[in-house]
Structure formats: C-alpha cells, structure tokens
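> So that we are looking at the same thing, I have put the structure below in structure tokens.
The values are calculated or read from the model by the stated rules, or taken from the named source; none is laboratory data. From a predicted model like this one, the values you see are computed outputs, not experimental measurements. Every residue, glycine among them, receives a Cβ derived from its backbone with ideal geometry; neighbour counts consider all protein chains shown.
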Amino acid sequence: MEEISKKDVKHVAKLAELDIREDEIDRFVDQLNIVLKHAGKINEIDTTNVEPTSHATNIINIFRDDIVKKCISKKDALLNSPKTIEDLFEVPLIIEE
Amino acid sequence: MEFEIKIGLETHVELLTDSKMFCGCSTKFGTAPNTQTCPICLGHPGTLPVINKKAFDYTIKVALALNCKIANFTQFHRKNYFYPDLPKGYQISQYDLPIGLNGYLDIKLNSKVKRIGISRVHMEEDTAKLLHFGETGRISEATGSGLDFNRCGIPLLEIVSAPDIKNVTQAKAYVMLLKKILEYLEVSDCNMEEGKFRIDANISVKKLGDEYSKTRTELKNLNSFRFLEKGLSYEIKRQSEILNKSEKLYLETRHFDSKTMTTKSMRIKEEAQDYRYFPEPDLVPIEISREWVDEIKKTVPELPSIRTDRIKKQYDISDNDVEIITSTKSMADFFESCAKIYPYPKIISNWIIRDLLYLLNQEQIQIENCKISSEHLVDMLKMIDTGSISGKIAKSIFKEMFKTGKMPGDIVQEKGLEQISDIDKLTDIIEQVLKENPEIVTQYLSGKMQVFTFLVGQVMKKTKGKANPKLVNELLKKKLK
C-alpha cells in the first residue's frame, strides 16, 4: 500500500488552510500512516463479485417537493457570526492579488 | 502575426424554483440580507440536505433541450474548497456523473450553422453573496467583506460548452441563444442584472501553427453581453501581445473590471486545483428511468430556432419581424394567440413591434405582465376594420388599454371616440372648412395639388381625428371638382 509522504501532509494542510510547523510534519506523517494502515484492512476482503458503490443503503431517488418553509430569523442566523456588518456576516478580505 | 483562438464558456443559471436546492428556504430575490436562511443552507453541523424534485426535473429538461445524453444513473459529489461564501467548506455539486452529457447547440451566423458542443449540464447549489467594502467598490481595492446567505443554496445549473468557440461573435451568439432557450423552457428568468445568468470564459490564444499550451485564462465576471464582448476582446488582445513579444502566458484566473474594461489577474494557478471530490454521503444516488425522461420530454416546448422557422413559413410577415417576435417566448405566444383569432398577421406584428414594444420599453415591463391581452388587440383591430374607429384614434386607444387594461369598446364609449362616417355630417364640416380657407381652395383649383392634405388636416382637426379619413378624401375631392 502507498504511504503518506511529507509532501502529502504539506499539500493536505494547505488545502485545509492549516498552518503547521515544519517540525510537526513528521509526527503527522506517522499518525496519518497509522490511520491509513488501519483503514487498509478493508483491502483484505475479497470483493471480486461485489459491485462498486458509494452508498451502502441501496436506497435511491429521495426528493422533496418544491415547497417554501419558514426560515429562521435574521437575528438567529447572525447569532453565530463573531462579527457582523450591516446585517451581513463579516469576514476578512480574502482576495489574493 | 496570425493567431488562433479557442474559447469555452461556462454558464451558471439560477433555476426558477420557489424553494432552495436542499432546504425549504425561499429563493425570492431582493429581500433584506440573511432573512432567507435556515440551519441547512447556513451549513450548521448535523443538518441534512434533501433534493428539490422540481430543480432536478428542470435540469433534465435543459439537458434534453441542449441535445444531451441523459444519465441513467447519477449522484452528487462534494467539491471541497475554502471560501467564505461556502459555509460548509464544500459545495454540493456533480462530478463524474452529471445529469446531461455530450450535447450541442447550433448557432446561426450569416445564415451559416456552427455547432457548439455542450460538454455537460449539471446541478449544484449557489453560494452566498459576497459584498466587498472599500472606498472604490472594486474587488481589488476592498478592505473587508460581508456575506448575505439568501442566495446560498439556490438551485444552480452549470452548462459547460466545449472549447469550440473561435471568436467573440460566436461567443455572443452562443450565449444569446442559450439564454433564449432557457427562457423558452421557463426554467429561469435569466435576469443578468440579478446575477441569475452568469458567464465565465476559458480562453486560449496561440500562434497559427503552434500547439495550444495549457496556459489558458479563466475569465470571471462577464455578467452582461457587453462585458462578455469587451472582456473576451481585451483578453484576446492581451494574450496576442504577450505572444508577439515571445513572452510566457500563465495559467491564471482573471477578473473583468467593468470600470476600466480590462482584465486583472486574481491568482496564478501554479498547480491544478485540488477539490478532493467525493460522493456526497448525505444524498442517495438517483436513477433516471426512461419513463421519467419521457415525461419531461413532454414539457419541452417548441424551441426558438424551430419556432422562428415555423412562424416564417406559416405567416406572411418579414423575416426581420419574425426574429423580433420570437425573441422571447411570451412575445411569440402573444403573437400567435392574436393570429389565431385575427386573419391578418402582418397587421398584428406591426402593432406589436411598433406600438406594444415601444410602450413596454418605455415602461420597462415584460409582455407577460402587461395589461393588453390578445383579445384587447384583436377587438381593436376589428373595430378599425369595420370603420368604427380610425387608425389614428386606435393609437390613443392602444395607449389607454396599455395603461388601464380596459377593453377598446369601453374606451370608445367612455370617450366618445367613434369614427364619423356619416356623409351628411362630414359634408357639413367640409363645406365649413372650404368656406374658412378660400385662398387655399383657389390655390388648389389653380393646380397646386399639395394643399389638399392641408384641407384634410383641417377636417380632422374639427372632428378631433374622428373623421373617417378615406371618406373625407373622397368627399373633399368631389367638392373641389
């Protein structure tokens, strides 16, 4: 089985917007490899005659009708925002130049 | 130096449903910020999405109209990326199994047909609206951002064209036809000002004979036909100039700035974006049966180019007028419902194009919201035909109908606008006019024929435009003999 490298850890950290220190990387490489190895146990099962699937329930086609329901109040909606500006969730500027 | 251009367009369309894609929040536009949200569209932990059936049906409808192959098995994926307009940290979208695949759209340019491939049609959810605060209002000069989640979770259609488009004219024709088709399908109102129909473009320029490199530009914010034209033209020029100087192009995302009409680099993409797509575990897969597709097929109306061709053949009106009349489905519907109950299509199209369109533009309303129905117009046209009103009076009746929605017969009665076709009455008035204008009469009798219209005008003035003009002409000529 392929192992997780230092490069993988750096890449995933970047995707997840996590700042990790250079000296932490080795520790994460080891930890993630343990997790991967554990999940890798699945590979021991013989799946020759099993159809690939992404869902295990065999349920399909669940829909709802296009009906409007009551929304929560603006006050409640904004309750979890650390900062607001003119009834908007305020966030730091994110445009990269 | 000669260049070759390759453009692929990605169009995002908000679907016309009452509720959002995965929750029951309203999709109404223009309400106060953050008043149409719930824990699902705000991305709170533990909430579960459920697919809006109507939005799904609409997507099949669009895919069919764009000649796509409809998937018999499909599912949703999570597209993972961090951006504040996406509260969950991922967008529910589609990946390897879109609802529609490999379709096409035939655009007509100078009566030649050019086929543009449609790579895929898929469903996703719209993101929140990000507003940038700063003195100039430009993204590049903003100092902070705020989020309105009313838009977050509105059903969004993504339509991706193949890179078959070779120039700006083709790009514009493609987008115009696509928008027209979506309007005909009645799945979106495609209001560009409200951001319900948005265009991104991928553009590659290469020297003639060279290979295309992978350094295409993704151009964002082309949200009107004018910006599409300006943005693409600018980008083609920019890339050509760089190639002329033998400099390097980068794979980058650029933003169109409508104030300067130029494009500005947002970020250079050093590596391919990595969205870590995986199947959405909160939504079960969907099997689209043949019967289901057949049901939706029945709801696909006659599409614009077919309808335009049919109307050209069926009615005796100019090609140019047909193009105007079929520019929207509601106008074509209006025309045809009139033509069903009135035998002169040319007269109907003249009134629509000259009078109705003028008033609609002036009042900034859509034909489907206007007070004039086909019965209004046809009743009025019949009154002209029977001579009970003059064509001139009809113009003022038309304006009145547009304003009040009253039937023409009622307006005529209320305002006393019946045409005067009584010979005795008209003869009296003509004699009066002749008596009051002896010099003009002398001029006419001595051969100055052009003063005749002046005399007709005087009769019209005395009758406030109600005199039957044909009769006035006849009687006046007789009197002047």
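> So which pairs qualify, if the first residue must be in segment B:438-464 and free of Cβ contacts under 8 Å to residues at least 60 places away in the same chain, the second must be crowded, with 16+ Cβ neighbours inside 10 Å and part of a loop (DSSP other than H, G, I, E, B), the Cβ gap must be under 7 Å, and the two must be at least 6 apart or on different chains?
B:Leu455/B:Asn437; B:Gln458/B:Asn437
> Next up: Looking at segment B:25-43, can you tell me whether even one residue there is surrounded by fewer than 20 Cβ atoms within 10 Å (Cβ to Cβ), facing chain A (nearest Cβ under 9 Å), farther than 30 Å from B:Tyr104 by Cβ and among the hydrophobic types (A, V, I, L, M, F, W, C)?
Yes, that holds for at least one residue.
Matching residues to (1) touching a strand residue (DSSP E or B) at 6+ places or on another chain (Cβ under 8 Å); (2) within 12 Å of another protein chain (Cβ to nearest Cβ); (3) over 30 Å from B:Phe76 (Cα atoms); (4) loosely packed, with under 15 Cβ neighbours inside 10 Å:
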residue	(1), (2), (3), (4)
A:Glu22	no, no, yes, yes
A:Asp26	no, no, yes, yes
A:Asp30	no, no, yes, yes
A:Leu36	no, no, no, yes
A:Asp46	no, no, no, yes
A:Glu51	no, yes, no, yes
A:Ser81	yes, yes, no, no
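> Do we find that B:Lys264 is touching an Asp or Glu at 6+ places or on another chain (Cβ under 6 Å), of a type outside the set (Ser, Thr, Tyr) and either loosely packed, with under 15 Cβ neighbours inside 10 Å or assigned by TED's automatic domain parsing to the domain that holds B:Ala71 (or both) in this structure? Outline the logic, then answer.
Values: touching an Asp or Glu at 6+ places or on another chain (Cβ under 6 Å): yes; of a type outside the set (Ser, Thr, Tyr): yes; either loosely packed, with under 15 Cβ neighbours inside 10 Å or assigned by TED's automatic domain parsing to the domain that holds B:Ala71 (or both): yes.
Taking the combined requirement at face value, the residue satisfies it.
> Does segment B:52-61 contain any residue that is of a type in the set (Phe, Trp, Tyr), within 11 Å of chain A (Cβ to nearest Cβ) and surrounded by fewer than 17 Cβ atoms within 10 Å (Cβ to Cβ)? Don't jump to the end; show me each part of the working.
Taking segment B:52-61 first, the residues of a type in the set (Phe, Trp, Tyr) are B:56, B:58.
Next, only the ones that are within 11 Å of chain A (Cβ to nearest Cβ) stay: B:56, B:58.
From the residues that got through so far, the ones that are surrounded by fewer than 17 Cβ atoms within 10 Å (Cβ to Cβ) too are none.
Taking every residue of segment B:52-61 in turn, none turns out to be of a type in the set (Phe, Trp, Tyr), within 11 Å of chain A (Cβ to nearest Cβ) and surrounded by fewer than 17 Cβ atoms within 10 Å (Cβ to Cβ).
> Return the residues of segment B:418-476 that are out of contact with any helix residue (DSSP H, G or I) (no Cβ under 8 Å at 6 or more places or on another chain), of a type in the set (S, T, N, Q) and part of a helix (DSSP H, G or I); say none if nothing qualifies.
Step one: of segment B:418-476, the residues out of contact with any helix residue (DSSP H, G or I) (no Cβ under 8 Å at 6 or more places or on another chain) are B:422, B:424-425, B:428, B:435, B:438-439, B:442, B:445-450, B:453, B:457, B:461, B:464, B:470, B:474.
Of the ones still in play, those that are also of a type in the set (S, T, N, Q) are B:442, B:446, B:450, B:453.
Those that are out of contact with any helix residue (DSSP H, G or I) (no Cβ under 8 Å at 6 or more places or on another chain), of a type in the set (S, T, N, Q) and part of a helix (DSSP H, G or I): B:Thr442, B:Gln450, B:Thr453.
> Across segment B:346-387, which residue is farthest from the chain's Cα centre (by Cα) among those that are hydroxyl-bearing (Ser, Thr, Tyr) and buried (at least 17 other Cβ atoms within 10 Å of the Cβ)?
From segment B:346-387, those hydroxyl-bearing (Ser, Thr, Tyr) are B:349, B:358, B:373-374, B:386; that's our starting set.
Those left that are additionally buried (at least 17 other Cβ atoms within 10 Å of the Cβ): B:349, B:374.
Working: B:Ser349: 19, B:Ser374: 22 Å.
Within segment B:346-387, the match that is farthest from the chain's Cα centre (by Cα) is B:Ser374.
> Among residues belonging to segment A:35-70 that are in a loop (DSSP other than H, G, I, E, B) and touching a helix residue (DSSP H, G or I) at 6+ places or on another chain (Cβ under 8 Å), point out the one that is farthest from B:Ser145 (Cα to Cα).
Going through segment A:35-70, the residues in a loop (DSSP other than H, G, I, E, B) turn out to be A:45-62, A:65-70.
Now restrict to residues that are touching a helix residue (DSSP H, G or I) at 6+ places or on another chain (Cβ under 8 Å): A:65-66.
Numbers: A:Asp65: 35, A:Asp66: 32 Å.
Result: A:Asp65.
> Looking at the structure I just gave you, is B:Thr74 within 11 Å of chain A (Cβ to nearest Cβ), closer than 24 Å to B:Asp274 by Cα and in contact with a strand residue (DSSP E or B) (Cβ under 6 Å, 6 or more places away or on another chain)?
Working: within 11 Å of chain A (Cβ to nearest Cβ): yes; closer than 24 Å to B:Asp274 by Cα: yes; in contact with a strand residue (DSSP E or B) (Cβ under 6 Å, 6 or more places away or on another chain): yes.
Considered against the rule, which asks whether it is within 11 Å of chain A (Cβ to nearest Cβ), closer than 24 Å to B:Asp274 by Cα and in contact with a strand residue (DSSP E or B) (Cβ under 6 Å, 6 or more places away or on another chain), B:Thr74 comes out as yes.
> Taking B:Lys399 as the residue in question, decide whether it is at pLDDT 85 or above and outside any helix (DSSP H, G or I).
Numbers: at pLDDT 85 or above: yes; outside any helix (DSSP H, G or I): no.
So B:Lys399 fails the test.
Yes/no per residue for (1) touching a Phe, Trp or Tyr at 6+ places or on another chain (Cβ under 6 Å); (2) farther than 14 Å from B:Val293 by Cα; (3) of a type in the set (D, E, K, R):
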| position | (1), (2), (3) |
| --- | --- |
| B:Thr27 | no, yes, no |
| B:Ala32 | no, yes, no |
| B:Gly43 | no, yes, no |
| B:Leu48 | no, yes, no |
| B:Cys68 | no, no, no |
| B:Asn72 | no, no, no |
| B:Lys79 | yes, yes, yes |
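> Can you name every residue in segment B:314-362 that is of a type outside the set (D, E, K, R), free of Cβ contacts under 8 Å to residues at least 40 places away in the same chain and in a loop (DSSP other than H, G, I, E, B)?
Within segment B:314-362, the first condition is being of a type outside the set (D, E, K, R), and the residues that meet it are B:314-315, B:317-318, B:320, B:322, B:324-328, B:330-332, B:334-335, B:337-339, B:341-345, B:347-353, B:356-362.
Okay, now just the ones that are also free of Cβ contacts under 8 Å to residues at least 40 places away in the same chain, so B:314-315, B:317-318, B:320, B:322, B:324-326, B:330-332, B:335, B:337, B:339, B:341, B:343-345, B:347-350, B:352-353, B:357-358, B:360-362.
Across segment B:314-362, the qualifying residues are B:Tyr315, B:Ile317, B:Ser318, B:Thr326, B:Pro343, B:Tyr344.
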